[in-house]
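The structure appears right after this line, and notes come after that.
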Amino acid sequence: MAAAALEPWQTAAPRSRRSAARRPRPREETAAPIPQAEPEVDAGVVLRRIREAGEDLLISDFWRSALETINRCLTQHLEQLSAPVGTLPEAIGNLPLDSSPDESDAAPRSIPGETLVSGTCDRKCVCYGIGNFATCVIARNQLTFLLLFLEECQIPRSHCCLYDPLLSQLEIAVLNTLGVIVLSENEEGKRSICGEPTIFYMLHCGTALYNNLLWSNWSVDALSKMVIIGNSFKGLEERLLTRILQRNYAYVAKVSTF
């Protein structure tokens, strides 16, 4: 080591292009192949893939564990719906609720095995942001879960509204075949439940969409009739700076504290 340190510094000669081309690239520098999207298919193929995905999901551990979690929530929801007026859970009763929203308080625009409890009331279901299920496996699994969930909850597909601005004409046709109502207008999450018990299925949606939904239903009566299957509000809170959450997503910030 000492002898090597006494040798004068020498500038390495540049390698020729030919020798550089022959030098093997390190394994970690090798570019991973870019996954290619599935080619556009016809409605029959998409329906078959949805059916196959459903068969796989029904025998999975994930389906059973998910049903257990959702069933606990829906059981509590059913008890809440049947409870006499004035006996809502304390957390909801203590929410800092404002009066009904109006244009002066407008929400920000959105940025682009076990049978479940079936209550005596008719629940509605609204789905946002399902994704391009004709070409994306993850989106197709999410749609498959929704269809099986509706069946377990005994919610008719005709009581389920769905919207995603990215849906293709093929996907809209498939959803019509499945009996799901495809909304033609982007509600930006600003849907009031109008007193009807409603389940919102909105996986991986933007924070603005959740904020708009809460804003549109910011009352004890409406919140007590809602169930959201989606991202954790606590998780949304942890991923954003407090000042940004309170400034841009005030209703998510308010509901997270309870």
Quiz item: Any residue in region 230-240 that is in a strand (DSSP E or B) and within 12 Å of Gly129 (Cβ to Cβ)?
Solution: yes
Self-check item: Matching residues, region 182-219, being assigned to a strand (DSSP E or B) and of a type in the set (A, V, I, L, M)
Solution: Val182, Ile199, Met202
Practice problem: For region 158-170, state whether one or more residues are under 16 Å from the mean Cα position of the chain (by Cα) and assigned to a helix (DSSP H, G or I). | Solution: no
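So that you can scan it fast, the table gives a plain yes or no per residue for (1) under 19 Å from Cys136 (Cβ atoms); (2) at pLDDT 95 or above; (3) surrounded by 14 or more Cβ atoms within 10 Å (Cβ to Cβ):
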position	(1), (2), (3)
Arg49	yes, yes, yes
Thr69	no, no, no
Cys73	no, no, yes
His77	no, no, yes
Gln80	no, no, yes
Quiz item: Has region 173-181 got any residue that is at pLDDT 95 or above, under 21 Å from Val45 (Cα atoms), touching a strand residue (DSSP E or B) at 6+ places or on another chain (Cβ under 9 Å) and in a helix (DSSP H, G or I)?
Solution: yes
Practice problem: With respect to Cys161, determine if the residue is touching a Lys or Arg at 6+ places or on another chain (Cβ under 8 Å) and either under 17 Å from Cys205 (Cβ atoms) or of a type in the set (Ser, Thr, Tyr) (or both). | Solution: yes
Self-check item: Members of region 127-141 found to be within 10 Å of Ala53 (Cβ to Cβ) and crowded, with 18+ Cβ neighbours inside 10 Å, listed by number
Solution: Phe133, Arg140, Asn141
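The values are calculated or read from the model by the stated rules, or taken from the named source; none is laboratory data. For clarity, every value in this text was computed on a predicted model and none was experimentally measured. Quick reminder, even Gly has a Cβ in these numbers, built from the backbone with ideal geometry, and neighbours come from all protein chains shown.
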